[in-house]
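This report refers to the structure that appears directly beneath it.
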Amino acid sequence: MSRVRIVGGQWRSRLLEVAAVPGLRPTPDRVRETLFNWLGQDLDGQHCLDLFAGTGILGFEAASRGTATVVLVEHDPRALAALHKTAQALQASQVEIVRGDAVRFVRTTPRTFDGVFLDPPYRQGWLERVAPWLDRVVRPGGWLYVEAEAAVEHLGDWHTVKRGRAGQVHFHLMRRSQA
């Protein structure tokens, strides 16, 4: 089992185990540093959703930086077991882990969030499948973070305001288009 490091906040430098799940790719340290520079280092009081949690590194990184709550959604049993183990080891009471399908979750949850992390498996059309439901789960003024195998200009009513690339990973901070 490999590991990934939390880069900032109260759990800075803590290592998280990465479950041996095919296709699981933790967001690199450098990309997370850039993302949280974009968002601001302090996420006090925010409510976030890590919709394709995988390793959970994006959600745990957000929790480490002061979010009020983070919901991690994952369907793979091995990844779920690692998420529960990490949450317990960190005593991360603000982290809620949900076993389930990402599309079903965004379509049915009554909750709303200040920010949503979207880092789905590549080349499977997940971004397009969740796009119709994003407006209902992200609060006005909220943000999306999107990782993809190619550049993303728009996702439904969302447009890219900041972007970067690290190797094969394209990463984006998106905001809702104003009507």
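Structure notes:
- Solvent-accessible heavy-atom area per residue, rounded to whole Å², over segment 76-179 at 1.4 Å: 53
- Farthest towards the positive end of the charge dipole of segment 1-55, among the residues PHE52, GLY8, ALA19, is the Cα of ALA19, using unit charges on the Cβ of Lys, Arg, Asp and Glu.
- Surface composition of segment 70-179: carbon and sulfur make up 50 percent of the accessible area, probe 1.4 Å.
- Under 5 Å between amide hydrogens, built in the peptide plane, is the criterion, and for GLY100 it picks out GLU74, HIS75 among residues at least 5 positions away or on other chains.
- Cα-projected label distance for GLU128 with ASP29, points at 7 Å along beta-carbon direction, nm: 3.7
- Restricted to Cα atoms, segment 17-59 shows a radius of gyration and a Dmax of 11.8, 34 angstrom.
- For ASP50, the residues whose amide H sits under 5 Å from its own are VAL71, LEU72, VAL73, PHE117, ignoring neighbours fewer than 5 places away on the same chain, with H placed 1.01 Å from N.
- Computed helical MRE - 222 nm, the chain, DSSP H runs ≥ 4 contributing -39500 (n - 2.57), nearest 500: -7500 deg cm²/dmol
- Projected-area mean, segment 125-179, by convex hull of Cα positions, square nanometres: 3.7
- Temperature 20 °C, viscosity 1.002 mPa s: under these conditions the Stokes-Einstein estimate for segment 26-89, based on its Kirkwood radius over C-alpha pairs, is 178 µm² per second.
- The phi-based Karplus calculation (6.51 cos²θ - 1.76 cosθ + 1.60; θ = phi - 60°) puts the 3J(HN,Hα) values of segment 3-10 at 9, 9, 9, 6, 9, x, x, 5 Hz, whole numbers, x for Gly and Pro.
- For segment 43-179, the ratio of Cα radius of gyration to the globular rule of thumb 2.2 N^0.38 Å stands at 0.99.
- Cα-based convex hull volume of segment 1-124 per residue, rounded to whole Å³: 101
The values are calculated or read from the model by the stated rules, or taken from the named source; none is laboratory data. A quick note: this is a predicted structure, and the numbers were derived from the prediction, not measured. Using ideal geometry, Cβ is built from the backbone for each residue, glycine included, and neighbour counts are taken over all protein chains shown. These accessible areas exclude ligands, DNA and RNA; they are computed on the full protein's heavy atoms, side chains included. Shrake-Rupley method; radii C 1.70, N 1.55, O 1.52, S 1.80 Å.
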